[in-house]
Amino acid sequence: MNYDVIIVGAGPGGIFSAYELVNGNKDLKIAVFELGNPLEKRKCPIDGKKVKSCIKCPICAIMSGFGGAGAFSDGKYNITNQFGGTLYEYIGKTQAIELMRYVDKINLKYGGEGTKLYSTANTSIKKKCFENDLHLLDAQVRHLGTDMNYVVLENIYNELKDKVDFYFRTEITSVKMTDGGFEVISGDKAYSCKNCIISVGRSGSKWMETVCKEMNIPTKSNRVDIGVRVELPAEVFSHLTDELYESKIVYRTKQFEDLVRTFCMNPHGVVVNENTNGIVTVNGHSYEDPKLHTDNTNFALLVSKHFSEPFKDSNGYGESIARLSNMLGGGVIVQRFGDLIRGRRSNEHRIAESYVVPTLAATPGDLSLVIPKRILDGIIEMIYALDKIAPGTANDDTLLYGVEVKFYNMEVELDENLETKQKGLFVIGDGSGVTHSLSHASASGVYVARHILEEI
Ligand SMILES: Cc1cc2nc3c(=O)[nH]c(=O)nc-3n(C[C@H](O)[C@H](O)[C@H](O)COP(=O)(O)OP(=O)(O)OC[C@H]3O[C@@H](n4cnc5c(N)ncnc54)[C@H](O)[C@@H]3O)c2cc1C
């Protein structure tokens, strides 16, 4: 089959590329290849009863399929250049924000209308943070919620399905250059195109590395974020989450001057497993529908590590720590903060007696046997710092799940059009190492689509 544009990966990056291309030129022949399932067939087997924890399916329904890693996410679209990626370094700060606002408009058009846009502008919380040596980053955040995010994806798919050829459960195994374009190969089938957009996210990071090696595209190692997911009664953070929903707060530790930051805050949410290439880590999300709310709020506390010489594999370092937790706990480990401070493991009995009821069935254990001392010390310091603006954070019953690891893809060398040195081959979204959020990944998709439309 011959296409004008082939998109590999149907996450937010790929979807927004397809959307913009279709709307910019209805005569284009576009195909999207996705190794996972269509949205309605994506089903994680964990039901909390028969299947309590991750069974490592060959294709993870949480990470793969239409909607990508974002499909069952909390649907928090942060409109900011302060976190979520470095797209602005390629396309400029103003354009990056404009594109994130455009993505927001599309999300509202396809079902997100009525959801709330939160903002850090004019908040007194910023001052309170400063007073306690904490730093609140500026952002607007649209919270679609896991339920509404699903509806938006469903509606966008219905809009696109007759205009784009979608190939689900089709893993692209290689991309080769041809005269005037590319050949995209899946098993024994080959498809050709003039322009190819690769948007394979974090789950496609290893494959992306192979493509770059084969095509002689330079890459740079990226950082890895390691930490824990904190779960506590929603009341403890309600003054922040009611006003801001998500607050990204950064703290510089006194002991090592490392930066620890809050990440992915889910008021009244649930803690979940995440499977990246067979390694089980922890994440969280929450629903827009109040009927699905829990009594708890969860968020991550993360520390970044970036290795360059002689060891370059930051992700490998993060993976090893996650593997260790999987080895000791059979998956994710949960520990009460009070147990961690007293140097003892949590066990079933102590967790059962805790006033905070865990929303994820994780194995009670000891995170100090898994997380390197320097990182764990930083997290403990941050918990005490947060306790000053949200008293109760450092309570004994606060639950810590580990490990949470944010893997970043290596940075692919791209020009200002997000194009590789192989003309016509674009790399967008989290797979490029440039973005690591729904809004930035989606915006990068729109940006490249507009560039291709201009070129055509
Ligand atoms: C549980 C969870 C919650 C999250 N919550 C938020 C949030 O609230 N806000 C936020 O900003 N971000 C959140 N994120 C991160 C966000 O989902 C990602 O930043 C975003 O999805 C990146 O989009 P993408 O299109 O670049 O990649 P992805 O969404 O990862 O999509 C890539 C797609 O490519 C497919 N693919 C990979 N390799 C191949 C191949 N060889 N052939 C064919 N297809 C392939 C994958 O199956 C996948 O569907 C969350 C992530 C998770 C896992």
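The values are calculated or read from the model by the stated rules, or taken from the named source; none is laboratory data. What you are looking at is a predicted structure, and each value in this text was computed from that prediction instead of being measured. Quick reminder, even Gly has a Cβ in these numbers, built from the backbone with ideal geometry, and neighbours come from all protein chains shown.
Observations
- Looking across the stretch 196-211, the residues that are assigned to a loop (DSSP other than H, G, I, E, B) and either closer than 14 Å to Gln422 by Cα or touching a Phe, Trp or Tyr at 6+ places or on another chain (Cβ under 8 Å) (or both) come down to Val200, Arg202.
- Contact map, the stretch 11-28: residues that are part of a helix (DSSP H, G or I) paired with residues that are hydroxyl-bearing (Ser, Thr, Tyr) and near the ligand (Cβ under 9 Å from one of its atoms), Cβ distance under 6 Å, separation 6+ or inter-chain. Pairs shown: Pro12/Ser442; Gly13/Ser199; Gly13/Ser444; Gly14/Ser199; Phe16/Ser442.
- Residues of the stretch 274-284 classified as near the ligand (Cβ under 9 Å from one of its atoms) and farther than 22 Å from Val200 by Cβ, total: 1
- Any chance Val357 is within 29 Å of Asp430 (Cα to Cα) and β-branched (Val, Ile, Thr): no
- Within this structure, Ser346 passes the test of being over 27 Å from Glu257 (Cα atoms), without any contact (Cβ under 8 Å) to a residue 40 or more places away in the chain and either touching a Leu at 6+ places or on another chain (Cβ under 6 Å) or crowded, with 22+ Cβ neighbours inside 10 Å (or both).
- Residue count for the stretch 304-335 under the criterion of being surrounded by fewer than 24 Cβ atoms within 10 Å (Cβ to Cβ) and more than 15 Å from Glu274 (Cβ to Cβ): the result is 18.
- The set of residues from the stretch 220-251 being at pLDDT 95 or above and farther than 26 Å from Ile79 by Cβ comprises Ile226, Val228, Glu231, Leu232, Pro233, Glu235, Val236.
- Screening Arg323 with (1) under 26 Å from Tyr77 (Cβ atoms); (2) among the basic types (Lys, Arg); (3) assigned to a helix (DSSP H, G or I) gives one miss only, at (1).
- Residue check, His349 within 13 Å of the ligand (Cβ to nearest atom), out of contact with any helix residue (DSSP H, G or I) (no Cβ under 6 Å at 6 or more places or on another chain), assigned to a helix (DSSP H, G or I) and at pLDDT 95 or above: no
- Qualifying helices (runs of 4 or more DSSP H) (wholly inside the stretch 40-142; at least 2 residues being within 13 Å of the ligand (Cβ to nearest atom) and modelled with pLDDT of 95 or more): 93-107
- For the stretch 427-447, the tally of residues that are hydroxyl-bearing (Ser, Thr, Tyr) and more than 9 Å from the ligand (Cβ to nearest atom) stands at 1.
- Of the set (1) under 15 Å from the mean Cα position of the chain (by Cα); (2) farther than 22 Å from Leu438 by Cα, all apply to Arg223 but (2).
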